1. Of the conditions (1) within 14 Å of another protein chain (Cβ to nearest Cβ); (2) open to solvent by 10 Å² or more (accessible area, probe 1.4 Å); (3) away from DNA strand D (no atom under 16 Å from the Cβ); (4) in contact (Cβ under 8 Å) with a residue 60 or more places away in the chain, A:Asp144 clears all except one; give me its number.
2. I need the full set of residues from the range A:121-135 which are modelled with pLDDT of 95 or more and over 18 Å from A:Ile65 (Cβ atoms), in order please.
3. Among the candidates A:Leu223, A:Leu201, single out the residue that is more than 8 Å from DNA strand D (Cβ to nearest atom) and aliphatic (A, V, I, L, M).
4. Among (1) within 10 Å of another protein chain (Cβ to nearest Cβ); (2) open to solvent by less than 10 Å² (accessible area, probe 1.4 Å); (3) not polar (S, T, N, Q), where does B:Ala63 come up short?
5. Residues of the range A:98-112 being surrounded by fewer than 21 Cβ atoms within 10 Å (Cβ to Cβ), more than 20 Å from A:Ile66 (Cα to Cα) and either away from chain B (no Cβ under 14 Å) or of a type outside the set (Lys, Arg) (or both), which ones?
6. List pairs: first in the range B:115-130 and among the polar types (S, T, N, Q), second assigned to a helix (DSSP H, G or I), Cβ under 6 Å, 6+ apart or cross-chain?
7. If you go through the range A:70-96, how many residues are in contact (Cβ under 8 Å) with a residue 60 or more places away in the chain and at the interface with chain B (Cβ under 10 Å from one of its Cβ atoms)?
8. Modelled with pLDDT under 95, surrounded by 21 or more Cβ atoms within 10 Å (Cβ to Cβ) and out of contact with any Pro (no Cβ under 9 Å at 6 or more places or on another chain): which single residue out of A:Ile115, A:Ile197 fits that description?
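The values are calculated or read from the model by the stated rules, or taken from the named source; none is laboratory data. Treat the numbers as computed from the prediction; the structure is a model and nothing was measured. Cβ placement follows ideal geometry from the backbone for every residue including glycine, while neighbour counts extend to all protein chains displayed. The accessibility values were calculated without ligands, DNA or RNA, using every heavy atom of the protein model including side chains. Shrake-Rupley method; radii C 1.70, N 1.55, O 1.52, S 1.80 Å.
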Number of protein chains: 2
Amino acid sequence: MLGMNDVTQQQSTRCDACTVRHRAVCGALSQKEIERLNAIARHRTVPQGQAIVGDQDRVLSFANIISGVVKLTKTLCDGRQQIVGLQFASDFIGRPFRDRSAYEATAVNDVHLCIYDRRQFEHLVREFPGFERRLFENTLDELDAARDWMLLLGRKSAEEKVASFILMVSKKMDGVSRQGGDGRPAKFELPITRTEIADFLGLTIETVSRQVSRLKSEKIIALEGLRTVAVLDVPRLEQASSG
Amino acid sequence: MLGMNDVTQQQSTRCDACTVRHRAVCGALSQKEIERLNAIARHRTVPQGQAIVGDQDRVLSFANIISGVVKLTKTLCDGRQQIVGLQFASDFIGRPFRDRSAYEATAVNDVHLCIYDRRQFEHLVREFPGFERRLFENTLDELDAARDWMLLLGRKSAEEKVASFILMVSKKMDGVSRQGGDGRPAKFELPITRTEIADFLGLTIETVSRQVSRLKSEKIIALEGLRTVAVLDVPRLEQASSG
DNA sequence: CGCCTGGTTGATCGTGTTCAATGACTGTGG
DNA sequence: CCACAGTCATTGAACACGATCAACCAGGCG
């Protein structure tokens, strides 16, 4: 799914040492199969803010995210923007069976990718039915997530949207980078800026800021700097998000 | 994907005579394969307004829509509702590889379905790789459509939403039931009520009504009764929808 | 005829946007 | 070291779009 304008680093790799191997779509492959995949894989680092694939660019590659965050955006002609997907480590990037992407993929921070040539990759997909199955399931999950977000975009208030977002991030980060021991999420970094949160929630940056402040003043969350959030009261945050 | 509470009619069928065979997912099957599918297919008519599968119901079947319109909805605990998908003749209903549906499917009008037992269907999917591929591509298209709708829900004004909806319906109906000869769409029926349009666009019924009236007074569309729309000025409708 | 459902139209209200000023933090150069 | 610019976020005030509340209309049906 990568264009060709964004190479900053390129090296070959070994799947054995891969930190996301078991969680990513490659997890569906046998040792023999993964060696075949390994043969066509290359690593790349895409710096923050750089496009991974432009809207309507030809799709030349697929990729797995090894680290970092990628946003998928759609933009109206007058510049209004909507984030239609956020992808994290182990997520798959690419649109099989279509030449052109329907949206733009951008590195939110420095992103480390494991990329595959489109044609070779599709050939492997054809060869390994379990692999295609895994990609299919992956797509079904993304569809479910997109439809969840449609409910949020169409029917939730600003406060509910912001609460839902913080809750979603806390769940994504859960088990990945959260601190605070035991059962409940404690402290984590928001992966994106206020502007990006606004573009994700269909709000303005000011409204996002106000709602975050509101959650803070209600002692539901606490902030440390701009990015670090601590959830103080999970039940009330869930209540504020209305499911 | 059907529950068990909604049988009104049931008979066996022949795929040969099927009106949607070539457009539906079954189109990917060979003659031999389609006979196997035919063996597990049953027809049902679900009357208007009846649930085809409830939110979180166990998914017992998959289905193709032979005629009629199905809405997929998500509902918040307080009753706010969002339509997350509209399915027409030849569309596939069901969520492979998951026991439970994440949303409710309801018959918008009397719907004629060709249904398959879940277990038998999944067995066939495993047997016919081309079939799985077709379902996969279908899901990718639905994902693209869902993300298009996210842009509309998050970033478009009420007027743009209504114009986009009419344009979308005119395109869906194009080649199916449109009148008016030559190239451009002319007259067609809106498949859903104002309330449903509102739930689809994330608006209230009053706002939908006002925007429709507005497009009418601007001579961009004309109405015949409540459901029949004639598009008088396609370019201006497209302009009003902002892409 | 009255009732019911679905739709339109009007008046008012409130949430979220817009416009604008201020604050917090970072990196740069004198 | 501090001044300065630049980015990102917060906060305030005014406004506007769409929601809400309410009245009315049209068609279908007992």
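1. (4)
2. Correct list: empty.
3. Sole residue among the options that is more than 8 Å from DNA strand D (Cβ to nearest atom) and aliphatic (A, V, I, L, M): A:Leu201.
4. With (1) within 10 Å of another protein chain (Cβ to nearest Cβ); (2) open to solvent by less than 10 Å² (accessible area, probe 1.4 Å); (3) not polar (S, T, N, Q) applied to B:Ala63, the lone miss is (1).
5. Passing the criteria: A:Asp99, A:Ala102.
6. B:Gln120/B:Ile40
7. Within the range A:70-96, residues that are in contact (Cβ under 8 Å) with a residue 60 or more places away in the chain and at the interface with chain B (Cβ under 10 Å from one of its Cβ atoms) number 7.
8. Every option except A:Ile115 fails the conditions.
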